[in-house]
Amino acid sequence: MKKKVKIIVSAALAVVVVAAVVVSMLKPLEVEAVTLAPDTAQLTFTEQGYYDYTGAFQVYPLVAGEVLEVLVQKGDYVSAGDLIAVVSASDYEYQIAQLKSTVSGYNAQISNLALQEQQEKDILQGTLQELQGQLTTLEAQMENEDPLDESRHQQASLQQSIVRQYRKMVEELEDELDWIEDLYDEGEVSFAEYTAAQQALANAKSSYYAAQVTLEQLRSGGTPEGVYEGQKQSLQAQIDSVASRLQSSYSSAMAQYYNAQIESTNSMIAQMEEKAGQASITAPVSGTINSLPIEDANIISQQSLVAQIGYEAFVEVYVSTREIDGVHKGDAVELLIDKRLGTESIPGTVVLVEDKAEVKYSALGVEERKVRVLIQPQGGGLLIGHEMDVRFTVYTQEDALVVPKTAVFQQDGGDCVWVIRDGAAQVQPVTKGVETREGYVVEEGLLSGDQVVRDANNSGLSEGKRATGGPTA
């Protein structure tokens, strides 16, 4: 009886086990699946950026002097033309007064030129009359054929007068050459006029030395040959020279010279007055004062840095050469700022992509090649020095179907996914497109509404296997 009962129990258990296996085989496999729907697919990358001034203008004073007042503080925003500081210009005012005194002196010289010239011509007229009288007396002696030994004392006296006139002529020509040389240096007279004055002085010196020799011979009792004729020629040469000088006028040339000096001095005065007016130091550009050394100075020179003005604030970011091909001027970006209440997103626009790469080092000291990119934030909220992440979007596709990366597997040399259709698992070949952060864009093989198994490595999957999919396994 007991044996019979055991057989019946064992048979019942076998039936239960078989039923459980059958039920298990017929039960659909539950898998995690995603239902495809058209969406915007994007490929992005993120780099760290800083908001700072990319331009800095260093302000130097145009005058040196005592700092009287500083009207700005570090961190102030200034517009071009705003007053930064005031500096004393007393040194320039003193120099201006000195230069104006010089101009007055030149004007006085011009006023006196006519009077001076007339005085000198009066003297020359007297000299001319004296020379003509000496020539008349000499010619009378020559006509009467007076013996030289009988008139030696008289001839020595005449020769001494000739020497004295030549010496005076040499001195006057030396003075004349000096101011002609000044006029030549200033470009007021030609080279020919300058060399003519040099030659006139050389000729006068030669005649002076020759006259001295003749005078010494007469004084020593000698009878130099042709003394009468030599004296006559000397007197006539001096008469011609004096007469020529009486006919000429040097006041116009000197006035021209002085006027040129006045013009040059007035130009210097104008420059000094401009600098004196620039004792007020103003901002040459609009921006923020980020350095202000003048606030700690009492005296400044023209080499002293007054202030540094930062301008043209941008977000500066360096992009690796691997990604830079996808970045272009005008591209929209996201500026992600980490704040206490969460991440704030500010839109921005790429305004500059440089055409060269620089060597940068990562936090771990790894050398990288990166390209400098500048971004203009849209809207406010950023402070100079702000650090942020910059998200670049290098690819966008509307109405794209994207599958998880874990859903794709290789079979027969192609890409495939598991899909659930009519309650059963099927292998579906696909054509992959761009890989995004979320997965792969599928170009061919799938339709909107398809259920794709997220984990292609699920060991329970097989072709035709009954399966159900949902957002959770």
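The values are calculated or read from the model by the stated rules, or taken from the named source; none is laboratory data. Values in this document were obtained by computation on a predicted structure and should not be read as measured data. Ideal geometry is used to build each Cβ from the backbone, glycine not excepted, and the neighbour counts take in all protein chains shown.
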- Message: Cβ contacts < 8 Å: first residue farther than 20 Å from GLN410 by Cβ and in contact (Cβ under 8 Å) with a residue 40 or more places away in the chain, restricted to region 454-470; second residue part of a loop (DSSP other than H, G, I, E, B) and charged (D, E, K, R), any location; separation 6+ or different chain. Result?
- Response: ARG466/LYS27
- Message: Out of the residues in region 69-92 meeting the condition of being in contact with a helix residue (DSSP H, G or I) (Cβ under 8 Å, 6 or more places away or on another chain) and surrounded by fewer than 14 Cβ atoms within 10 Å (Cβ to Cβ), tell me which one is modelled with the lowest pLDDT.
- Response: LYS74
- Message: If I go through region 436-465 residue by residue, how many of them are in a strand (DSSP E or B) and either exposed (fewer than 15 other Cβ atoms within 10 Å of the Cβ) or outside the structural domain of LEU36 (by TED's automatic domain parsing) (or both)?
- Response: 2
- Item | Flag for PRO404 being closer than 30 Å to GLY433 by Cβ and free of Cβ contacts under 8 Å to residues at least 60 places away in the same chain | no
- Query: Of all residues in region 168-185, which are in contact (Cβ under 8 Å) with a residue 12 or more places away in the chain, farther than 24 Å from ALA237 by Cβ and touching a helix residue (DSSP H, G or I) at 6+ places or on another chain (Cβ under 6 Å)?
  - Reply: LEU183
- Kindly indicate which of VAL63, VAL34 is among the aliphatic types (A, V, I, L, M), crowded, with 18+ Cβ neighbours inside 10 Å and touching a Pro at 6+ places or on another chain (Cβ under 8 Å). VAL34
- For region 353-361, indicate whether the set of residues that are in contact with a Ser or Thr (Cβ under 6 Å, 6 or more places away or on another chain), of a type outside the set (S, T, N, Q), within 30 Å of GLY449 (Cβ to Cβ) and at pLDDT below 95 is non-empty. no
